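Chemist: Input: one structure, supplied below.
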Amino acid sequence: MFGLNKKKAENKLSLKLESKLLQDRFNKKILQQQRDSNLKGYRKGKAPKDVIEQYYGDQITAQIIYEEMANTFYKKISEEKISVVGQPALNPSSMDIKKDIKFDAIFEVYPEFSLKKFSTIKYKKPIATLKDSDLDKSILEMRKRFGNLEKIEESVADGLYAKVDFEGYLNDELFEGGAAKDYLIEIGSNNMIPGFEEGLIGLKENEEKELNLSFPDDYHADDLKGKEVKFKVKINEVLQTLLPELNKDFFTKIGIDAETEEEFKIDLKGKLEKDLEVSLKRKVKERIFDSLEKLNPIEIPSAMVIAESENLRKAAVQQMGMDVSKIKDEEFPLENFTENATKRVRLGVILNKIIEDNDLKSDAEVVKSLIDERSSGFKDPEQYRKWIYGNEEQLKNIESLALEEQVTELLISQSKSEDENLSFEEVMTMS
């Protein structure tokens, strides 16, 4: 071994290219180029060798040097049985093939590391139950979603809706994206920046008002973060929601097979409790994994981070309904995804290490449980189960998730937790 630092991702290898090899290849390439050349003033293949060298010498020299650096590098790492991540950076000391050329190959490998003891993992375990008030609020939200808006002759108040025209000014200039016509706002939803919805309370149809507000420091648009702005607002309409009755038609619309209000509430309560259970389990997993990743700040190959950043950017673009092939780098800078990508890659490497160290294999019962859980959302669960078991790629994805669940259980059994009491709403709205 040539002194590979197994604890670091980036390594350097110093190698040499022999002048004789380079010159032999150069001469063969020049002769080939001479036979194929069709230079102005000469018949095809008849241009003198020195003319060919004048036209193509530098290009051929560079091509040969980089090809031989790559050949030499990959031969060496193959002999040393080194697994390289990504492409190496090859830096020649000169481009003069009349002398031996030394070069450095900078490359990345999977670093070797030892995990911190699982007993050092500490996390807050969220605890929550579904209360009757949570059930009632969920039903109200569902009724609002299927309700109809009607215009009323009232002042804007919390819980009502307002259709407004507004214009936003930064330093007395209308800022981009700061104006809208007939924009529907639910008062109390907190969908607008702080102070906007509250500033409309008490206004009536056709009344106008200026709001002096500030954008939050963590606002998504950099040019507006923390900035003081002025909004000119006009109320066009005040509206309220006409809620649908709790009857079979309504139950059917939201996918619950019930005849009476009591049956509906029992069914919905069961679904919400299941949703809560899943959310609590997911949050525990996220918190344990976050703690695990922070306890093991291993160095990660940049090639893996770049690849994951590209994947995250692509997913973000697709989620916005945009064409990935048409986006510009400045619209979605890759560095915006680097931090998240680094954490995801590091965590993936750590989880693979845990699986390897503990010789974990996907448990058939865990796989079956995951498939059953997913199949419950389909009209024909049995058909879905057959499709999964008959699709090798999909089954492998489920097996990977099963392994992740097994790692989670292993970590839970050995780590330390502190209960954190939360409301149903807090758990369900956690990012």
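Chemist: Taking into account only those residues within the stretch 97-116 that are out of contact with any helix residue (DSSP H, G or I) (no Cβ under 8 Å at 6 or more places or on another chain) and part of a loop (DSSP other than H, G, I, E, B), which is surrounded by the fewest Cβ atoms within 10 Å (Cβ to Cβ)?
Modeler: Among those residues, the one meeting the criterion is Ser114.
Chemist: Given the criteria outside any strand (DSSP E or B), free of Cβ contacts under 8 Å to residues at least 60 places away in the same chain and closer than 30 Å to Leu292 by Cβ, does Ser94 qualify?
Modeler: no
Chemist: With out of contact with any Phe, Trp or Tyr (no Cβ under 6 Å at 6 or more places or on another chain), more than 30 Å from Ala128 (Cβ to Cβ), in the same structural domain as Ser376 (by TED's automatic domain parsing) and not polar (S, T, N, Q) as the only criterion, which of Ile254, Ile298, Ile350, Ile306 stands out?
Modeler: So the residue among Ile254, Ile298, Ile350, Ile306 that is out of contact with any Phe, Trp or Tyr (no Cβ under 6 Å at 6 or more places or on another chain), more than 30 Å from Ala128 (Cβ to Cβ), in the same structural domain as Ser376 (by TED's automatic domain parsing) and not polar (S, T, N, Q) is Ile306.
Chemist: Name the residue that is farthest from Asp223 (Cα to Cα), counting only residues in the stretch 126-184 that are of a type in the set (Ser, Thr, Tyr) and assigned by TED's automatic domain parsing to the domain that holds Ala221.
Modeler: Of everything passing the filter in the stretch 126-184, Ser155 is farthest from Asp223 (Cα to Cα).
Chemist: Now, a different point. Look through the stretch 216-241, keep the residues that are in contact with a Gly (Cβ under 6 Å, 6 or more places away or on another chain) and surrounded by 11 or more Cβ atoms within 10 Å (Cβ to Cβ), and return whichever of them is nearest to Glu186 (Cα to Cα).
Modeler: So, considering only residues that are in contact with a Gly (Cβ under 6 Å, 6 or more places away or on another chain) and surrounded by 11 or more Cβ atoms within 10 Å (Cβ to Cβ), the one nearest to Glu186 (Cα to Cα) is Thr241.
Chemist: Okay, moving on. For the subset of the stretch 308-326 comprising residues that are modelled with pLDDT of 90 or more and surrounded by 15 or more Cβ atoms within 10 Å (Cβ to Cβ), which member is nearest to the chain's Cα centre (by Cα)?
Modeler: Leu312
Chemist: Return the pair list, or none, for Cβ contacts closer than 9 Å from residues in the stretch 138-151 that are of a type in the set (Asp, Glu) to residues that are exposed (fewer than 13 other Cβ atoms within 10 Å of the Cβ), at least 6 apart or on different chains.
Modeler: Going by the 9 Å Cβ cut-off, the qualifying pairs are Glu150/Leu242.
Chemist: Being over 16 Å from Ile97 (Cβ atoms), touching a residue at least 12 places away in the same chain (Cβ under 8 Å) and outside any helix (DSSP H, G or I) is the filter here, so list the residues in the stretch 17-47 that pass it.
Modeler: Ser37, Leu39, Ala47 - these are the residues of the stretch 17-47 that are over 16 Å from Ile97 (Cβ atoms), touching a residue at least 12 places away in the same chain (Cβ under 8 Å) and outside any helix (DSSP H, G or I).
Chemist: So, in the stretch 283-318, of the ones that are part of a helix (DSSP H, G or I) and β-branched (Val, Ile, Thr), which residue ends up farthest from Thr342 (Cα to Cα)?
Modeler: Within the stretch 283-318, the match that is farthest from Thr342 (Cα to Cα) is Val284.
Chemist: Might you check whether a residue that is surrounded by fewer than 14 Cβ atoms within 10 Å (Cβ to Cβ) and among the hydroxyl-bearing types (Ser, Thr, Tyr) occurs anywhere in the stretch 334-342?
Modeler: Among the residues of the stretch 334-342, not one is surrounded by fewer than 14 Cβ atoms within 10 Å (Cβ to Cβ) and among the hydroxyl-bearing types (Ser, Thr, Tyr), which makes the answer no.
Chemist: Right, another one. Just one of Leu130, Leu140 is touching a helix residue (DSSP H, G or I) at 6+ places or on another chain (Cβ under 6 Å) and of a type in the set (A, V, I, L, M); which is it?
Modeler: That would be Leu130, the only listed residue that is touching a helix residue (DSSP H, G or I) at 6+ places or on another chain (Cβ under 6 Å) and of a type in the set (A, V, I, L, M).
Chemist: Out of Val345, Val305, Val278, which single residue is β-branched (Val, Ile, Thr) and farther than 24 Å from Ser114 by Cβ?
Modeler: On inspection, the qualifying residue turns out to be Val278.
Chemist: Something else now. Output the residues belonging to the stretch 144-173 that are within 33 Å of the chain's Cα centre (by Cα) and outside any strand (DSSP E or B).
Modeler: Passing the criteria: Lys144, Arg145, Phe146.
Chemist: From the set of residues in the stretch 254-271 that are touching a residue at least 60 places away in the same chain (Cβ under 8 Å) and in a helix (DSSP H, G or I), which is surrounded by the fewest Cβ atoms within 10 Å (Cβ to Cβ)?
Modeler: The extreme case among them is Lys269.
Chemist: Out of all the residues in the stretch 350-401, which are without any contact (Cβ under 8 Å) to a residue 12 or more places away in the chain, assigned to a helix (DSSP H, G or I) and acidic (Asp, Glu)?
Modeler: Listed by number, the residues that qualify are Glu356, Glu365, Glu373, Glu382, Glu392, Glu393.
Chemist: The conditions are (1) polar (S, T, N, Q); (2) modelled with pLDDT of 90 or more; (3) surrounded by 12 or more Cβ atoms within 10 Å (Cβ to Cβ), and Gln59 fails exactly one of them. Which is it?
Modeler: (3)
Chemist: Take Ser415 and tell me if it is free of Cβ contacts under 8 Å to residues at least 60 places away in the same chain, crowded, with 16+ Cβ neighbours inside 10 Å and in contact with a Phe, Trp or Tyr (Cβ under 8 Å, 6 or more places away or on another chain).
Modeler: The answer is no for Ser415.
Chemist: Right, something else. Limited to the stretch 319-346, what total is found for residues that are farther than 17 Å from Ile306 by Cβ, part of a helix (DSSP H, G or I) and not polar (S, T, N, Q)?
Modeler: So the count comes out to 1.
Chemist: In this structure, does Asp359 turn out to be over 25 Å from Lys8 (Cβ atoms), among the charged types (D, E, K, R) and loosely packed, with under 15 Cβ neighbours inside 10 Å?
Modeler: For Asp359, the condition - over 25 Å from Lys8 (Cβ atoms), among the charged types (D, E, K, R) and loosely packed, with under 15 Cβ neighbours inside 10 Å - is met.
Chemist: Within the stretch 68-84, count every residue that is without any contact (Cβ under 8 Å) to a residue 12 or more places away in the chain and on the phi < 0 side of the Ramachandran plot.
Modeler: 5
Chemist: A further question on this structure: Name the pairs whose Cβ atoms lie under 6 Å apart, with the first residue in the stretch 221-250 and closer than 18 Å to Leu203 by Cα, the second small (Gly, Ala, Ser) and crowded, with 16+ Cβ neighbours inside 10 Å, and 6 or more positions between them or separate chains?
Modeler: Close Cβ pairs satisfying both conditions: Phe231/Gly168; Ile235/Ala162; Val238/Ala162.
The values are calculated or read from the model by the stated rules, or taken from the named source; none is laboratory data. These numbers were taken from a predicted model, which means no experiment stands behind them. So basically every Cβ, Gly included, is an ideal-geometry build from the backbone, and we count neighbours across all protein chains shown.
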